[in-house]
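Just so it is clear, none of the values below were taken in a lab; they were calculated from the coordinates. These figures come from a predicted structure and were not determined experimentally. In this analysis, Cβ positions are derived from the backbone assuming ideal geometry, glycine residues included, and neighbour counts consider all displayed protein chains.
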Amino acid sequence: STYLVLSLPPFQASLFMNEQNPVIPSRFDVVVVGGGHAGAEAAYACAKGGLQTVLISMNLDTLGQMSCNPAIGGIAKGHMVREIDALGGIMGRVIDETGIHFKMLNRSKGPAVWAPRAQAEKKAYQNVVKWTLEETPNLSLRQDTVNSLLIENDAVVGVVTGRGHEIAGRAVILTTGTFLNGLIHIGEYQAKSGRISESSAIGLSDCLAHYGFALGRLKTGTPPRVLKKSIDFSKTEVQPPDEIPQPFSYATQAIRQQQIDCYITYTNAEAHRLILDNLDRAPMYSGQIQSTGPRYCPSIEDKVVRFTDRERHHIFIEPEGIRTGEVYLNGVSTSLPEEIQWKLIRSCRGLEEAEIMKPGYAVEYDYVDPRELGPDLQTKKIRHLYFAGQINGTTGYEEAAAQGLMAGINVLRSLRGEAPFVLSRGEAYIGVLVDDLVYKGVEDPYRMFTSRAEHRLLLRQDNADRRLMKYGHELGLITDDDFARMVDRYARIEGIRKKIYATGMRPLPEFDALLAEKGIPRTDQMFGKTVDSFLRRPEVQLEDVQVFVPEVMQLDEDHRRILEMEVKYEGYVKREMENIERREKARQIVIPADFDYDSLTAMKKEAREKLKRLRPVDLDAASRISGVDPPDIDLIHMRLLQLS
Ligand code: FAD
């Protein structure tokens with residue numbers, strides 16, 4: 001790779017107060033700040049990779065806490081969880097152990113777009129994250145707040161905590177989520193909080209601003225939680241889970257948790273009137289909140305204002321667990337005053353007597369422009385300092401976990417003196433995520449969608465293991481056994497695939513019966529061709545070709561779907577692979593770090609300024625910067641040819 005591996009600075013022991021107190025270990029390879037979804041993955045990857053790691057978080061009882069909905073996965077997000085798992089992260093295994101309502105979304109569509117999602121027993125999820133980290137060798141956990149960074153010669157060498165401890169690290173990963181100068185809003189009420197009833201992180205933002213990082217402010221919101229026994233479920237629609245839950249993790253054999261139903265109700269004209277009548281008390285509309293919220297996850301106030309023609313909006317009633325009476329009302333994120341929230345909720349069918357336990361609220365927080373980062377998530381300004389998660393302007397547990405894992409892996413590689421680990425856009429949604437963040441930046445809280453990926457058909461949830469497990473194995477995060485099982489799985493699929501392509505179709509009574517059943521006309525041209533040609537017909541499934549290749553039934557259901565897709569979409573996949581190859585070639589054309597963009601006078605100013613600021617490492621990265629168009633790339637390319 002062309003990205004520089006930077007050498008490590010020598011330590012100055014005198015810097016660290018605790019060195020004089022040998023009782024408290026204060027020198028680590030890695031310091032991870034924050035124990036949300038990003039911090040948990042980052043700390044796990046570093047420690048599992050053999051680095052002495054400390055995770056410092058404000059409250060160790062909230063490790064892995066789901067700040068908002070008690071669910072993991074969904075469209076594109078579920079894909080990322082499978083990728084995290086294939087790389088050796090923990091999220092997939094934890095949700096498999098604690099999921100109480102698994103559902104494969106998009107099942108009515110082709111398997112290429114299926115997306116796994118599961119509701120979690122929320123507290124159990126946190127406990128399993130905590131337990132996993134507690135059990136990980138080389139990992140220490142400290143409850144404290146990090147207030148500032150220790151920087152020497154443009155490299156981070158440690159952190160200072162609220163209780164005055166100086167802790168040395170050869171690398172530091174910041175994963176502070178919504179806590180940097182967090183300010184919550186419920187109607188006119190405001191409090192300095194990263195999440196309700198939790199303090200915000202004060203000091204660290206100033207420290208980052210002091211070192212010249214570009215900070216911005218974003219906003220997100222959450223709905224009220226209500227008491228289960230106060231809901232009349234008979235007036236709602238039941239949403240059953242999948243009969244056979246599919247695990248997220250490739251290591252999970254089966255889901256053992258009890259599975260429960262979720263429910264649906266709706267808002268109505270009365271609820272919408274209440275919202276419109278009280279907009280002047282909604283912080284989003286009264287001017288109390290200035291920052292931008294997630295465009296694709298709007299508050300109920302936003303939905304009612306923006307979609308005036310909609311008579312009702314869904315409310316998904318999602319239990320936060322089997323062993324809790326707390327229920328999450330998905331779809332009515334709000335920061336209206338509490339009394340309006342009560343009226344609003346009670347105006348909906350089934351919720352007439354609902355008791356709100358925790359009000360909905362909005363939170364504003366500082367984030368750092370992710371274009372401050374290289375593709376390894378290391379900051380460009382301060383060496384060995386990495387950012388991951390919501391601090392980079394993203395939203396969502398999966399987005400955070402993916403970045404945490406990538407930051408952890410990159411610290412691991414950097415401290416081992418190895419090249420950075422950067423996934424391409426054609427390899428993984430995680431590649432798309434990091435690439436979008438560090439080159440394009442964010443305007444509103446960034447969440448992953450399938451539409452963000454150019455090579456969607458290659459990046460399926462079913463084949464994340466095939467795409468990525470080799471990396472997890474090389475890094476020491478995937479066990480030999482899990483890796484061997486994956487290799488064996490695909491060897492069996494490949495063997496049967498070859499058989500399908502090698503077996504000729506011939507007249508058989510069972511085949512005639514199949515044609516009749518499917519309403520496919522029998523023609524002489526069918527015969528003499530190989531079985532794959534028949535399987536490519538839209539109405540034919542893999543199971544149908546068992547008349548010619550009985551071995552297909554030796555594969556389990558998941559693997560049959562994988563094989564079926566590989567045959568049906570073969571032409572498309574081949575074209576996609578060629579596109580990726582072309583891109584990879586362009587990627588190899590390196591732009592020197594001191595390239596003189598000012599000399600390209602024919603280039604439009606906006607593009608030149610952006611390129612100077614972002615300094616992309618190669619032509620491919622340059623081409624993905626918003627505002628940099630193909631003619632600009634041609635200009636750089638031509639100048640590079642002149643220089644070579
Ligand atoms: P977090 O999960 O926020 O974790 C940060 C951790 O760092 C916490 O444990 C905190 O205690 C710790 N910490 C922070 N600063 C310090 C410090 N200085 N020293 C020590 N420890 C520190 N996502 C969605 O996808 N959809 C939504 O609708 C949605 N709504 C949300 C609503 C609210 C009110 C909130 C708070 C979040 C919402 N999210 C939503 C976002 C989701 O919770 C986050 O994207 C995700 O949790 C981010 O993970 P993270 O690891 O980056 O940070």
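Here the label points at Arg466 and Ile520, each 7 Å from Cα along the C-beta direction, are separated by 2.2 nm in the simple model. The ranking of Thr176, Thr62, Thr308 by Cβ neighbour count inside 10 Å, starting from the fewest, reads Thr308, Thr62, Thr176.
List residues of the range 99-113, by number, whose backbone nitrogen lies under 17 Å from a label position 7 Å along Cα→C-beta of Arg323. Under 17 Å, as judged by backbone N against the label point of Arg323, lie 99-101 of the range 99-113. Is the shape of the chain best called rounded, prolate or oblate, per the rule: a/c under 1.5 gives rounded, else a/b larger than b/c gives prolate, else oblate, with a ≥ b ≥ c the square roots of the Cα gyration tensor eigenvalues? Since a/c reaches 1.5 but b/c is at least a/b, the shape of the chain is classed as oblate. Computed on the chain, with alpha-carbon pairs under 8 angstrom and 6+ residues apart, the relative contact order is 17 percent. Can you spot the lysines whose alpha carbon is less than 20 Å from Lys585's alpha carbon? Ignore those fewer than 8 places along the same chain. Partners found: Lys574. Judged by the ratio a/c of the largest to the smallest principal axis of the C-alpha gyration tensor, the range 371-420 counts as oblate, that ratio being 1.5 or greater while a/b is no larger than b/c.
When you filter the GluC sites (Glu not before Pro) in the range 461-549 for DSSP loop state and at most 15 other Cβ atoms inside 10 Å of their Cβ, you are left with Glu539.
Note on Asp629 and Tyr572: with the Förster distance fixed at 25 Å, the Cβ-Cβ geometry gives a FRET efficiency of about 0.35. Extension gain, Glu543 to Asp206: 0.36 nm times the residue separation minus the Cα-Cα distance gives 115.2 nm.
Legend: ranking of residues Asp618, Asp144, Asp280 from fewest to most surrounding C-beta atoms inside 10 Å; resulting order Asp280, Asp618, Asp144. Taking each of Lys381/Lys470; Lys380/Lys612; Lys498/Lys568; Lys77/Lys103 in turn, the alpha-carbon distance tops 22 angstrom for Lys381/Lys470. The packing ranking of peptides 240-253, 404-417, 111-124, highest mean first, is 404-417, 111-124, 240-253, where packing means the average number of other beta carbon atoms within 10 angstrom of each residue. Cross-link reach is defined here as a Cα-Cα straight distance under 14 Å, omitting same-chain residues fewer than 8 places apart; for Lys604 the aspartates and glutamates meeting it are Asp629, Asp632, Asp634.
A straight Cα-to-Cα reach below 19 Å connects Lys123 with the aspartates and glutamates Glu41, Asp61, Asp96, Glu97, Glu134, Glu135, Glu198, Asp261, Glu318, Glu320, Glu326, Glu398, residues fewer than 8 places away in its own chain not being considered. Sorted ascending by nearby beta carbons within 10 Å, beginning with the fewest, Met91, Met505 become Met505, Met91. Taking 7 Å steps out from each Cα toward its Cβ at Arg107 and Ala269 produces label points 3.7 nm apart. In this calculation the C-beta distance from Thr450 to Ala214 is compared with R0 = 35 Å, giving a FRET efficiency of 0.75. Looking at the square roots a ≥ b ≥ c of the eigenvalues of the Cα gyration tensor of the range 441-523, which shape do they give, rounded for a/c under 1.5, prolate if a/b is larger than b/c, or oblate? Verdict is oblate for the range 441-523. Listed peptides 444-450, 426-432 appear in the order 426-432, 444-450 once ranked by packing, highest mean of other Cβ atoms within 10 Å at the front.
Applying 1/(1 + (r/R0)^6) with r as the Cβ-Cβ distance of Glu352 and Asp61 and R0 = 35 angstrom yields a FRET efficiency of 0.50.
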